[in-house]
Amino acid sequence: MKKTWLICLLLCCGVLAHAQSKKNKLKKLLERNIPCNMEGRTIPLTDTSLYAQSRNVSYSYSYTFPKNYKETWPKEEVVSEVRQHNDPYIDTVTYTSQDRKASFKIYAGNVVVLPSGRVHNMKLADVQAIDKFADQHIANIKQGKDKDLGKVHIQHICKGVKGYRYTICVKASQGDEQMLYKIIMVEMPVSGDLIFSHFLFRYPTADKEKYEAQGISLAREFKADE
(Lines give C-alpha, C1' and ligand atoms only; values in the text may rest on other atoms or scores of the structure.)
Protein backbone atom coordinates (compact mmCIF):
# COMPACT_ATOMS: atom_id res chain seq x y z
CA MET A 1 0.00 0.00 0.00
CA LYS A 2 2.80 2.36 0.94
CA LYS A 3 4.61 1.54 -2.29
CA THR A 4 1.53 2.34 -4.39
CA TRP A 5 1.01 5.60 -2.51
CA LEU A 6 4.67 6.55 -3.07
CA ILE A 7 4.41 5.85 -6.80
CA CYS A 8 1.27 7.99 -7.04
CA LEU A 9 2.99 10.79 -5.13
CA LEU A 10 6.01 10.69 -7.44
CA LEU A 11 3.78 10.69 -10.50
CA CYS A 12 1.84 13.70 -9.18
CA CYS A 13 5.07 15.55 -8.43
CA GLY A 14 6.33 14.77 -11.93
CA VAL A 15 3.14 16.07 -13.52
CA LEU A 16 3.24 19.26 -11.43
CA ALA A 17 6.92 19.82 -12.21
CA HIS A 18 6.27 19.35 -15.94
CA ALA A 19 3.33 21.78 -15.83
CA GLN A 20 5.44 24.35 -13.95
CA SER A 21 8.25 23.94 -16.48
CA LYS A 22 5.86 24.61 -19.37
CA LYS A 23 4.47 27.61 -17.52
CA ASN A 24 7.96 29.05 -17.01
CA LYS A 25 8.86 28.49 -20.67
CA LEU A 26 5.66 30.23 -21.78
CA LYS A 27 6.34 33.18 -19.46
CA LYS A 28 9.87 33.53 -20.83
CA LEU A 29 8.66 33.47 -24.43
CA LEU A 30 5.93 36.05 -23.77
CA GLU A 31 8.52 38.38 -22.22
CA ARG A 32 10.59 38.49 -25.43
CA ASN A 33 11.16 41.94 -26.93
CA ILE A 34 13.51 41.79 -29.91
CA PRO A 35 13.25 44.80 -32.26
CA CYS A 36 13.35 44.64 -36.05
CA ASN A 37 13.25 47.83 -38.14
CA MET A 38 13.76 48.61 -41.79
CA GLU A 39 17.37 49.78 -42.05
CA GLY A 40 18.37 53.02 -43.75
CA ARG A 41 17.82 56.75 -43.87
CA THR A 42 14.36 58.06 -42.98
CA ILE A 43 12.47 61.30 -43.55
CA PRO A 44 9.80 62.99 -41.39
CA LEU A 45 6.21 62.09 -42.26
CA THR A 46 4.63 64.60 -39.91
CA ASP A 47 3.65 67.30 -42.44
CA THR A 48 -0.12 66.82 -42.72
CA SER A 49 -0.19 68.69 -46.02
CA LEU A 50 1.93 65.93 -47.53
CA TYR A 51 1.05 62.80 -45.55
CA ALA A 52 -2.04 61.29 -43.96
CA GLN A 53 -2.61 58.40 -41.59
CA SER A 54 -5.04 55.55 -42.05
CA ARG A 55 -6.15 52.60 -39.96
CA ASN A 56 -7.61 49.33 -41.11
CA VAL A 57 -10.11 48.33 -38.43
CA SER A 58 -10.75 44.88 -39.88
CA TYR A 59 -7.11 43.84 -39.71
CA SER A 60 -5.96 45.99 -36.77
CA TYR A 61 -3.09 47.91 -38.35
CA SER A 62 -2.30 51.52 -39.18
CA TYR A 63 -0.10 53.16 -41.79
CA THR A 64 0.86 56.49 -43.36
CA PHE A 65 0.56 57.37 -47.05
CA PRO A 66 1.64 60.33 -49.23
CA LYS A 67 -1.32 62.44 -50.26
CA ASN A 68 0.00 62.84 -53.79
CA TYR A 69 0.00 59.07 -54.37
CA LYS A 70 -3.02 57.60 -56.14
CA GLU A 71 -5.03 55.14 -54.02
CA THR A 72 -6.43 52.07 -55.78
CA TRP A 73 -8.62 49.19 -54.58
CA PRO A 74 -9.45 46.04 -56.59
CA LYS A 75 -12.73 46.18 -58.49
CA GLU A 76 -15.31 43.62 -57.45
CA GLU A 77 -17.91 42.14 -59.72
CA VAL A 78 -20.87 41.54 -57.42
CA VAL A 79 -24.25 40.18 -58.46
CA SER A 80 -27.03 39.87 -55.85
CA GLU A 81 -24.47 40.45 -53.07
CA VAL A 82 -22.37 37.49 -54.28
CA ARG A 83 -18.79 37.91 -55.44
CA GLN A 84 -18.31 36.59 -58.97
CA HIS A 85 -14.57 36.15 -58.51
CA ASN A 86 -12.73 35.12 -55.35
CA ASP A 87 -9.79 37.56 -55.55
CA PRO A 88 -7.26 36.80 -52.79
CA TYR A 89 -6.11 40.43 -52.94
CA ILE A 90 -9.60 41.91 -52.62
CA ASP A 91 -8.60 43.68 -49.37
CA THR A 92 -5.40 45.09 -50.91
CA VAL A 93 -4.88 48.84 -51.19
CA THR A 94 -2.24 50.15 -53.61
CA TYR A 95 -0.65 53.60 -53.69
CA THR A 96 1.16 54.84 -56.80
CA SER A 97 3.41 57.91 -57.13
CA GLN A 98 2.54 60.66 -59.60
CA ASP A 99 5.37 59.65 -61.95
CA ARG A 100 4.21 55.99 -61.62
CA LYS A 101 7.75 54.91 -60.77
CA ALA A 102 7.14 54.02 -57.13
CA SER A 103 4.26 52.15 -55.57
CA PHE A 104 3.38 50.25 -52.44
CA LYS A 105 0.60 47.93 -51.45
CA ILE A 106 -0.76 46.75 -48.13
CA TYR A 107 -2.58 43.46 -47.86
CA ALA A 108 -3.53 40.65 -45.50
CA GLY A 109 -1.78 37.29 -45.65
CA ASN A 110 -2.10 33.87 -44.05
CA VAL A 111 -3.90 33.14 -40.80
CA VAL A 112 -1.80 31.44 -38.13
CA VAL A 113 -3.66 28.34 -36.97
CA LEU A 114 -3.18 27.83 -33.23
CA PRO A 115 -3.59 24.50 -31.41
CA SER A 116 -5.88 26.07 -28.81
CA GLY A 117 -7.78 28.08 -31.42
CA ARG A 118 -7.45 31.65 -30.11
CA VAL A 119 -4.77 33.91 -28.65
CA HIS A 120 -6.91 34.47 -25.57
CA ASN A 121 -6.18 30.88 -24.54
CA MET A 122 -2.48 31.16 -25.30
CA LYS A 123 -0.47 28.09 -24.32
CA LEU A 124 3.14 27.03 -24.85
CA ALA A 125 2.17 24.96 -27.90
CA ASP A 126 0.53 28.05 -29.44
CA VAL A 127 3.65 30.18 -29.10
CA GLN A 128 5.77 27.37 -30.49
CA ALA A 129 3.38 27.08 -33.46
CA ILE A 130 3.67 30.83 -34.07
CA ASP A 131 7.48 30.66 -33.89
CA LYS A 132 7.47 27.81 -36.42
CA PHE A 133 5.14 29.73 -38.73
CA ALA A 134 7.36 32.84 -38.64
CA ASP A 135 10.52 30.80 -39.26
CA GLN A 136 8.88 29.08 -42.23
CA HIS A 137 7.81 32.46 -43.60
CA ILE A 138 11.42 33.67 -43.50
CA ALA A 139 12.65 30.41 -45.03
CA ASN A 140 10.22 30.88 -47.93
CA ILE A 141 11.52 34.41 -48.51
CA LYS A 142 15.14 33.24 -48.53
CA GLN A 143 14.32 30.36 -50.87
CA GLY A 144 12.47 32.62 -53.31
CA LYS A 145 9.10 31.03 -52.53
CA ASP A 146 7.33 34.18 -51.35
CA LYS A 147 4.53 34.76 -53.87
CA ASP A 148 5.06 38.53 -54.02
CA LEU A 149 8.85 38.80 -53.80
CA GLY A 150 9.79 35.72 -55.76
CA LYS A 151 13.51 35.13 -56.32
CA VAL A 152 15.33 38.25 -55.16
CA HIS A 153 18.74 39.34 -53.94
CA ILE A 154 18.30 39.97 -50.22
CA GLN A 155 20.30 42.92 -48.92
CA HIS A 156 18.97 42.85 -45.37
CA ILE A 157 16.50 40.73 -43.42
CA CYS A 158 15.59 40.77 -39.74
CA LYS A 159 13.05 39.09 -37.47
CA GLY A 160 11.66 40.84 -34.41
CA VAL A 161 9.24 39.58 -31.79
CA LYS A 162 7.35 41.10 -28.89
CA GLY A 163 5.82 38.28 -26.89
CA TYR A 164 4.20 36.26 -29.67
CA ARG A 165 3.84 39.04 -32.27
CA TYR A 166 6.40 38.93 -35.04
CA THR A 167 7.81 41.56 -37.39
CA ILE A 168 9.86 40.71 -40.46
CA CYS A 169 11.70 43.35 -42.52
CA VAL A 170 13.39 42.72 -45.86
CA LYS A 171 15.37 44.95 -48.23
CA ALA A 172 15.84 43.25 -51.60
CA SER A 173 16.44 43.83 -55.27
CA GLN A 174 15.43 42.12 -58.48
CA GLY A 175 16.99 43.33 -61.70
CA ASP A 176 16.59 47.11 -61.83
CA GLU A 177 13.97 47.19 -59.08
CA GLN A 178 14.33 47.71 -55.33
CA MET A 179 11.86 46.30 -52.81
CA LEU A 180 11.11 47.13 -49.18
CA TYR A 181 9.02 44.39 -47.60
CA LYS A 182 7.58 44.42 -44.08
CA ILE A 183 5.38 41.78 -42.51
CA ILE A 184 3.61 42.23 -39.18
CA MET A 185 1.54 39.82 -37.14
CA VAL A 186 -1.78 41.27 -36.02
CA GLU A 187 -4.74 40.01 -34.04
CA MET A 188 -8.06 40.33 -35.80
CA PRO A 189 -10.53 42.07 -33.47
CA VAL A 190 -13.63 39.89 -33.90
CA SER A 191 -12.29 36.37 -34.47
CA GLY A 192 -9.16 36.66 -32.33
CA ASP A 193 -7.18 34.97 -35.11
CA LEU A 194 -3.57 35.93 -35.77
CA ILE A 195 -2.78 36.98 -39.31
CA PHE A 196 0.32 38.19 -41.15
CA SER A 197 -0.25 41.50 -42.95
CA HIS A 198 2.14 42.88 -45.55
CA PHE A 199 3.65 46.15 -46.80
CA LEU A 200 5.54 46.03 -50.10
CA PHE A 201 7.20 49.15 -51.57
CA ARG A 202 8.77 49.02 -55.06
CA TYR A 203 10.86 51.58 -56.93
CA PRO A 204 13.53 51.66 -59.69
CA THR A 205 17.14 51.39 -58.58
CA ALA A 206 17.86 54.49 -60.70
CA ASP A 207 15.47 56.48 -58.45
CA LYS A 208 16.89 55.18 -55.16
CA GLU A 209 17.87 58.64 -53.98
CA LYS A 210 14.32 59.89 -54.48
CA TYR A 211 12.32 56.99 -53.07
CA GLU A 212 14.34 54.83 -50.68
CA ALA A 213 14.15 57.08 -47.59
CA GLN A 214 10.45 57.67 -48.17
CA GLY A 215 9.80 53.95 -48.54
CA ILE A 216 11.76 53.09 -45.38
CA SER A 217 9.85 55.75 -43.44
CA LEU A 218 6.49 54.46 -44.69
CA ALA A 219 7.50 50.90 -43.81
CA ARG A 220 8.32 51.95 -40.27
CA GLU A 221 4.88 53.54 -39.94
CA PHE A 222 3.14 50.32 -40.93
CA LYS A 223 2.27 49.00 -37.46
CA ALA A 224 -0.03 46.57 -35.70
CA ASP A 225 -2.51 47.95 -33.17
CA GLU A 226 -1.31 47.53 -29.62
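The values are calculated or read from the model by the stated rules, or taken from the named source; none is laboratory data. The model shown is predicted, which means the values in this text are computed figures rather than measured ones. Methodologically, a virtual Cβ is constructed for each residue, glycine included, from the backbone with ideal geometry; neighbour enumeration extends over all protein chains shown. Ligands, DNA and RNA are stripped out before the accessible areas are found, and what is left, the full protein with its side chains, is counted by its heavy atoms. Shrake-Rupley method; radii C 1.70, N 1.55, O 1.52, S 1.80 Å.
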Cα-based equivalent ellipsoid of the stretch 113-182: semi-axis lengths in Å, sorted from largest, via gyration tensor: 29, 11, 8
Once phi is turned into θ = phi - 60°, what whole-Hz ³J(HN,Hα) does the Karplus curve with 6.51, -1.76 and 1.60 give for every residue of the stretch 128-136, x standing for Gly and Pro? 5, 5, 5, 4, 5, 4, 5, 4, 5
How large is the accessible surface per residue of the stretch 123-226, computed with a 1.4 Å probe and reported in Å² as a whole number? 43
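Students sometimes get this wrong: rank Val186, Val113 by accessible area, probe 1.4 Å, all chains present, largest first.
Working: Val186 0, Val113 120 Å².
So the residues, ranked largest to smallest area, are Val113, Val186.
Run the accessible area of the stretch 100-176 with a 1.4 Å probe and give the carbon-and-sulfur part as a rounded percent. Walk me through the intermediate numbers first.
On the way: 1860 of 3950 Å².
Percent of accessible area from carbon and sulfur atoms in the stretch 100-176: 47.
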Pairs from Lys132/Lys171; Lys162/Lys208; Lys67/Lys151; Lys25/Lys145 whose Cα-Cα separation, in the structure shown, is over 28 Å: Lys162/Lys208; Lys67/Lys151; Lys25/Lys145
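For the ranges 206-216, 158-168, what's the packing order if you count other beta-carbon atoms within 10 Å of each residue, average per peptide, and put the highest first? Spell out each step's value before the answer.
On the way: 206-216: 17.2, 158-168: 19.0.
Packing proxy ranking, top to bottom: 158-168, 206-216.
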For Lys27, counting only aspartates and glutamates whose alpha-carbon sits under 14 Å away and dropping same-chain residues fewer than eight positions off, the answer is Asp126
If you split all Cα-Cα distances of the stretch 87-226 into 5 Å bins from zero, what percentages do you get per bin, shortest first? 2, 9, 19, 21, 20, 14, 8, 4, 2, 1
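Going highest first, how would you order 134-143, 47-56 by mean Cβ packing within 10 Å? Write out the running numbers ahead of the final one.
Values: 134-143: 15.0, 47-56: 11.8.
Per-residue Cβ counts within 10 Å, averaged per peptide and sorted highest first, yield 134-143, 47-56.
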